[in-house]
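Enquirer: Pasting a structure below so you can have a look.
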Ligand SMILES: [Zn+2]
């Protein structure tokens, strides 16, 4: 799965109008780009500091002094921030999919929850673009068979 850099970049949101997207993101408490990245960057800094604290306990941090240590700290911060970003996107995507399905109350969702294809005018229970089930309950039934 491709991880977009912002919540608004998720494919299921691409066929919505700007107003619909804003309303959906608000109902899911989805963070904007600034909140998303500042939050995950601060989590990255915290985890990198925690890692260096653990290394310090093992006596490794003394050998990672100077430029090497500084570079490693930055690399660790960015790596942790990216992992946290991916985790946030997956979590928000789940929330947004659930909200789209709930909003379609019994009917098929107008948007493919897998690829974001606009399925509003289509009767089929499967997305013509990617072939996935349009409702997650159908997906669960398929696996149960
Ligand atoms: Zn699809």
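Enquirer: Of everything in the range 125-137 that's touching a residue at least 12 places away in the same chain (Cβ under 8 Å) and exposed (fewer than 14 other Cβ atoms within 10 Å of the Cβ), which residue is farthest from the ligand (Cβ to nearest atom)?
Expert: 125
Enquirer: Taking helices (runs of 4 or more DSSP H) that fall entirely within the range 29-145, which contain at least 3 residues that are at pLDDT below 90 and under 26 Å from residue 5 (Cβ atoms)? Give the steps one after another, and end with the answer.
Expert: Details: elements: 33-57, 66-103, 136-144.
Helices (runs of 4 or more DSSP H) meeting the threshold: 66-103.
Enquirer: While we're on this one: Please verify whether the range 16-23 includes one or more residues that are assigned to a loop (DSSP other than H, G, I, E, B), over 13 Å from the mean Cα position of the chain (by Cα) and surrounded by fewer than 17 Cβ atoms within 10 Å (Cβ to Cβ). Step through it out loud before you land on a result.
Expert: Filtering the range 16-23 for residues assigned to a loop (DSSP other than H, G, I, E, B) gives 16-17.
Next, from what is left, pick out any that are over 13 Å from the mean Cα position of the chain (by Cα): 16-17.
Within this subset, residues satisfying the condition of being surrounded by fewer than 17 Cβ atoms within 10 Å (Cβ to Cβ) are 17.
Among the residues of the range 16-23, at least one is assigned to a loop (DSSP other than H, G, I, E, B), over 13 Å from the mean Cα position of the chain (by Cα) and surrounded by fewer than 17 Cβ atoms within 10 Å (Cβ to Cβ), which makes the answer yes.
Enquirer: Here's a follow-up. Can you pull out every residue in the range 105-124 that is surrounded by fewer than 16 Cβ atoms within 10 Å (Cβ to Cβ), farther than 26 Å from residue 89 by Cα and within 12 Å of the ligand (Cβ to nearest atom)?
Expert: Listed by number, the list holds a single entry, 124.
The values are calculated or read from the model by the stated rules, or taken from the named source; none is laboratory data. Here the structure is a predicted model, which is why all the values come from computation and not from measurement. Every residue, glycine as well, gets a Cβ built from its backbone with ideal geometry; the counts of neighbours run over all protein chains shown.
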